[in-house]
Amino acid sequence: MAEEIKNQKELAGKETAPHAHRRRVMVIIGFVVAFAVVLGGGAYWYVSSRTVYIDQSVISGTLINLSPQNADILNQIFVKVGDTVVEDQPVARVGDEVVEAKTAGIVTAVSDDVGQLVSPAAGSYVVQMIDPSDLRVVGHLDENKGLSKIAVGDPATFTVDAFGSKSYQGVVDEISETSRASDVVFNVSDERPTNEFDVKVRFDPEKYPELKNGMSAKIWVYVK
């Protein structure tokens, strides 16, 4: 009888040893998972606290309108949309006057008024162009969504809707000194106006020639 009890105890000890080992393993795994969650949450908080996201953004540059000095008949256009021109290159003839490019750039539009009278009126053009080096990603940021954290020189990345998740590199080049008056939004909770400011990010247009004026974008600014 005593021998039988001894054998049962030994058998119970053999059966409980694997269970104890599994419990120890599960406890260790639990600690590892908990540590990973805490570490991941801390990393997310750290990155989020140092990142300002600007959803409403667009690639923008100053359009250059080329027009004659005097009103006359538009005789000929020498360029087409998409052409790259150099400074002082002839782009059109109006009467006896040759209209030249004021700087190097890319033609974005041409007049279809060949044979018609054209004038140097403000806003009119026979050829319109843009200087690619003037392109910026312009983000419209609410003043209460991290504007105070951003400084000129902060690194930034951005994506362009036309190219999906492809990431581009840039740097904050300018922060507007005044708000976009036409984009004042009222906060429902306290009925106070929230103003938008422009944040401009410079990038290398030679490195990213596929980026065009007017493309929609999203910006992430990495603040200090």
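The values are calculated or read from the model by the stated rules, or taken from the named source; none is laboratory data. The structure presented is a predicted model; accordingly, all values stated were derived computationally and were not measured. Note that each Cβ is placed from the backbone with ideal geometry, even for glycine, and that neighbours are counted across all protein chains shown.
State whether the residues of the range 156-177 include one that is in a strand (DSSP E or B), in the same structural domain as S57 (by TED's automatic domain parsing), surrounded by 18 or more Cβ atoms within 10 Å (Cβ to Cβ) and at pLDDT below 95. No, there is no match, as no residue in the range 156-177 is in a strand (DSSP E or B), in the same structural domain as S57 (by TED's automatic domain parsing), surrounded by 18 or more Cβ atoms within 10 Å (Cβ to Cβ) and at pLDDT below 95.
Checking each residue of the range 189-212 against the condition of being modelled with pLDDT under 95, of a type in the set (D, E) and buried (at least 16 other Cβ atoms within 10 Å of the Cβ) gives at least one match. Restricted to the range 126-144, and to residues there that are among the charged types (D, E, K, R) and crowded, with 17+ Cβ neighbours inside 10 Å, the residue that is farthest from the chain's Cα centre (by Cα) is D131. Yes or no: T103 of a type in the set (S, T, N, Q), within 24 Å of N70 (Cα to Cα) and part of a loop (DSSP other than H, G, I, E, B)? It is true that T103 is of a type in the set (S, T, N, Q), within 24 Å of N70 (Cα to Cα) and part of a loop (DSSP other than H, G, I, E, B). Given the structure, is A104 assigned by TED's automatic domain parsing to the domain that holds F78, under 19 Å from P209 (Cβ atoms) and either free of Cβ contacts under 8 Å to residues at least 40 places away in the same chain or not hydroxyl-bearing (S, T, Y) (or both)? So A104 fits the description; yes. Take the residues in the range 89-103 that are among the hydrophobic types (A, V, I, L, M, F, W, C) and either modelled with pLDDT under 95 or in contact with a Phe, Trp or Tyr (Cβ under 7 Å, 6 or more places away or on another chain) (or both), then tell me which one is nearest to V171 (Cα to Cα). Applying the filter and picking the extreme gives V91. Would you call A151 assigned to a loop (DSSP other than H, G, I, E, B) and hydrophobic (A, V, I, L, M, F, W, C)? Yes.
Whenever a residue of the range 63-83 is under 17 Å from L117 (Cβ atoms), its partners that are surrounded by 13 or more Cβ atoms within 10 Å (Cβ to Cβ) and charged (D, E, K, R), lying with C-beta atoms within less than 6 angstrom and at least six residues away or across chains, give the pairs P68/E97; L74/D113; N75/R93; Q76/R93. Scanning the range 126-167 for residues that are within 21 Å of E206 (Cα to Cα), of a type in the set (S, T, Y) and without any contact (Cβ under 8 Å) to a residue 12 or more places away in the chain yields S165, S167. V86: surrounded by 13 or more Cβ atoms within 10 Å (Cβ to Cβ) and at pLDDT 95 or above, yes or no? In short, no.
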